[in-house]
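J.: I'd like to ask you about the structure that follows.
Values quoted throughout were computed directly from the atomic coordinates according to the rules given, and no laboratory measurement underlies them. Nothing here was measured: the structure is a model prediction, and the numbers come from that model. Glycine gets a Cβ as well: all are built from the backbone with ideal geometry, and neighbour counts include every protein chain shown.
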Amino acid sequence: MFRALLKLLVLVIVLVAVGGIFLGWWGAGAPLPDRDAVATAGKEMSQKTAEAAKTAQEALSDGALTAKIKAKMALDDRVKALDLNIDTANRVVTVSGTVRTSAERERALALARETDGVRQVIDRTVIDGPR
C-alpha cells in the first residue's frame, strides 16, 4: 500500500511538471521576448552608452587641459601658480586668483591660450601687487 501511494505521488509530480512546461510556466515552453522590443532596447542601450562615453571623454579631456596648464604655470618662473586657479569646462578655461603684476597676468593667460585643445580663455584674475 505504501508503495502504491509513493508511485501515485511520483506520477502526480511528473504530470504537474510536464503540464507546467507545456503551459509555459517554466522551462523551454516559456514565451520568447518580442524581437522588435529586444532590438529597440539594444539601440537605446547603445545610444546611452555612447552618450556616457562622450561625457567621460569630455571630462577627461577637460581634466587633462587643466593639468597641462597648471604644469606650464608651475614650470614658468614669471607666474606664481599656487595663487591661480584653473577651471576647464568644454575646453573653455577660466583663470582666477591673484597675480602680482599685469605682466604676470598676461603670461598666465598666454600659457593657457597656447595649450593645445583650449577653445577660449576667460580672465578672472585680480592684480594685487606688493605693498
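J.: Taking Cα atoms, how many degrees apart are the long axis of helix 102-113 and the longest axis of the chain, rounded to 10 and kept between 0 and 90?
T.: 30 degrees
J.: Which label belongs to the value computed from this structure, given these candidates for P(r) over Cα pairs in 10 Å bins from 0, in percent: (i) 12, 35, 28, 20, 6; (ii) 11, 23, 13, 9, 8, 8, 8, 8, 6, 3, 1, 0; (iii) 11, 38, 36, 13, 2?
T.: Evaluating P(r) over Cα pairs in 10 Å bins from 0, in percent on these atoms matches (ii).
J.: Run down the lysines and flag those whose C-alpha is under 25 Å from the C-alpha of Lys80, throwing out any fewer than 8 positions away in its chain.
T.: Lys68, Lys70, Lys72
J.: Follow-up. Set the Förster distance to 22 Å, then compute FRET efficiency between Gln120 and Thr55 from the Cβ-Cβ distance, nearest 0.05.
T.: On the way: r = 20 Å, r/R0 = 0.91.
After rounding, the FRET efficiency stands at 0.65.
J.: Shifting gears a bit: Could you name the lysines whose alpha carbon sits less than 17 Å from that of Lys48, not counting residues in the same chain fewer than 8 places away?
T.: none
J.: Please state the charge dipole magnitude for segment 41-131, taken about the Cα centre, from unit charges on C-beta atoms (+1 on K and R, -1 on D and E), reported in debye and rounded to the nearest 20.
T.: 40 debye
J.: Okay, moving on. In nm, give the distance between the simple-model label positions of Ala37 and Leu11, each being 7 Å from the Cα along the Cα-to-Cβ direction.
T.: Result for the modelled spin labels: 4.0 nm.
J.: Right, next: Which lysines have a Cα less than 22 Å from the Cα of Lys43, not counting those fewer than 8 places away in the same chain?
T.: Output for Lys43: Lys54.
J.: Could I ask something else about it? At a threshold of 8 angstrom on Cα-Cα distance, excluding pairs fewer than six apart, so keeping six or more, what relative contact order does segment 41-131 reach in percent?
T.: Relative contact order for segment 41-131 comes out at 26 percent.
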